[in-house]
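A short write-up of the structure that comes next.
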Amino acid sequence: MKINKIISFSMGALMLLFSGCEPIVDEELLINTANFTDVELVATQSAVGGNEITFEMNTSNVTGYWDYMIGKGLTDRVTVVFPVTGTFDFKYVGTLGAEFFEKVIPVEITKLDSPVALEWAALLGDDAVAGQTWVFDGTSGDNGLWWYMASGGPENDPVWDSVWWNAGGGGDAPSDVNGKMHFDLDGAANFTYYSDANSGTNELGTFVLDTDGMTLKINGSNILGSEEPRGNPGGSYTIISLTPDKMILFVPDNAGGTGWTWIFKPE
């Protein structure tokens, strides 16, 4: 539960007629029009344990939106096909009038009876709440193809597997070659970056997986090997392939004027 107060101040005209006069202040406090405990959240699955869920907020005088981790519903009622199994806390964020609040409702999904994109399970692993960690599919100087310059840029056709320079496998690996990145749905679409897999130091962000457009967007952080000019400062990457054992990402036109390809594997 999270509640924050909202206060609105209306300032009247300030007139100093005599020395020592104080400003005239007209203070208007907002008031709650509903109680937090009365906010009713309902989640109805189309089948027992099914992944098609209708979320409803049934309390009057409350406004807000549903945050279901992989997207937002800007109405009090929204139907979602969730792409993975597990038990999740779905959130409603709203205002009671004078206070903002967050309230969650747990839902257990045991079967994917409505079709979903397979890339979600591939990215997150067997337990979407715990999530999955990804690392480079190779080591510096191993002659493998896992971080390399490819055809692209303003004057060339973007071809992810057309190798112009095998940077990582050739020994010119990125500074975070031994790092890792973690994806999970533990209350949000969480992304955690580690420049060194053995270090506790991390950088937190979020991710957006678009399986229709086949893009992966990182907010507040970036993927391994995103150093300039190879990566995309905006954190958006084309998904070439995303399977349980491999993730291939591509930028067709980076700051260096070429394409760049990343290949990762589960840790």
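Since every read-out is calculated from the coordinates, none of them should be taken as a lab result. As the structure is a prediction and not an experimental result, all values here were calculated from the model. No Cβ is skipped: glycine too gets one built from the backbone with ideal geometry, and neighbour counts run over all protein chains shown.
Grab the beta carbon distance between THR87 and ALA255, set R0 = 35 Å, and tell me the FRET efficiency rounded to 0.05.
Working: r = 42 Å, r/R0 = 1.21.
With R0 = 35 Å, the Cβ-Cβ based efficiency is 0.25.
Determine ³J(HN,Hα), in whole Hz, for all residues of region 151-157 in sequence, where each value follows from phi through the Karplus function 6.51 cos²θ - 1.76 cosθ + 1.60 and θ = phi - 60°; x replaces Gly and Pro.
Karplus values, whole Hz, x for Gly and Pro: 4, x, x, x, 10, 9, 5.
Tell me the label-point distance for the pair THR63, ASP210, using the 7 Å Cα-to-Cβ offset, in nm and rounded to one decimal.
In this crude label model, THR63 to ASP210 measures out at 2.9 nm.
Using only DSSP helix segments of four residues or longer, with each worth -39500 (n - 2.57), what per-residue ellipticity at 222 nm results for the chain after dividing by its residue count and rounding to 500? Provide the component values of the computation, followed by the final result.
Values: 1 runs with 6 residues, N = 267.
The helix-only estimate for the chain comes to -500 deg cm²/dmol at 222 nm.
Taking 25 Å as R0, compute the FRET efficiency from the Cβ-Cβ separation of SER199 and ASP245 and round it to 0.05. List each step's numbers first, then the result.
Working: r = 25 Å, r/R0 = 1.02.
Using R0 = 25 Å, I get an efficiency of 0.45.
List the trypsin sites (Lys or Arg not before Pro) in region 54-145 that DSSP assigns to loop (not H, G, I, E or B) and whose Cβ has at most 16 other Cβ atoms within 10 Å. Which are they? Don't skip to the end; give the middle numbers.
On the way: sites: LYS72, ARG77, LYS91, LYS103, LYS111; in loops: LYS111.
Those that pass, being in a loop and sparsely packed, are LYS111.
For VAL42 and ASN156, calculate 0.36 nm times their separation in residues minus their Cα-Cα distance, and state this gained length in nm to one decimal. It would help to have the intermediate numbers written out before the result.
Details: separation 114, 0.36 × 114 = 41.04 nm, distance 5.27 nm.
Between VAL42 and ASN156, full extension yields 35.8 nm more.
For the chain, what does the relative contact order come out to in percent, with C-alpha contacts under 8 Å and a separation of six or more? Walk me through the numbers on the way to the answer.
Numbers: 675 pairs, mean separation 39.9, N = 267.
With pairs under 8 Å counted, the relative contact order is 15 percent.
Calculate the spin-label point distance for ASN143 paired with ALA98, positioning each point 7 Å from the Cα along the beta-carbon direction, and give it in nanometres.
7.4 nm
Please identify the GluC sites (Glu not before Pro) of region 79-161 that satisfy two criteria: DSSP loop assignment and at most 16 other Cβ atoms within 10 Å. Which are they? Numbers along the way, then the final one.
On the way: sites: GLU99, GLU102, GLU108, GLU119, GLU155; in loops: GLU155.
Passing both the DSSP loop test and the Cβ count: GLU155.
Counting other C-beta atoms within 10 Å, and keeping those with at most 15, which DSSP coil trypsin sites (Lys or Arg not before Pro) do you find in region 173-263? Let's see the in-between values first.
Working: sites: LYS180, LYS217, ARG230, LYS246; in loops: ARG230.
Those that pass, being in a loop and sparsely packed, number zero.
Taking 0.36 nm per residue of sequence separation and subtracting the Cα-Cα distance, how much length would be gained by fully extending the chain between VAL163 and VAL116, in nm to one decimal? Spell out each step's value before the answer.
Numbers: separation 47, 0.36 × 47 = 16.92 nm, distance 3.31 nm.
Additional length available on full extension: 13.6 nm.
Using the structure shown, select from LYS103/LYS217; LYS72/LYS180; LYS91/LYS111; LYS217/LYS265 the pairs with a Cα to Cα distance greater than 24 angstrom.
Working: LYS103/LYS217 27 Å; LYS72/LYS180 28 Å; LYS91/LYS111 21 Å; LYS217/LYS265 18 Å.
Exceeds cut-off: LYS103/LYS217; LYS72/LYS180.
Along the charge dipole of region 67-159, pointing to its positive end and built from +1/-1 on Cβ of Lys, Arg, Asp and Glu, which listed residue (GLY94, ILE109, PRO158) has its Cα farthest out?
Highest projection toward the positive end goes to GLY94.
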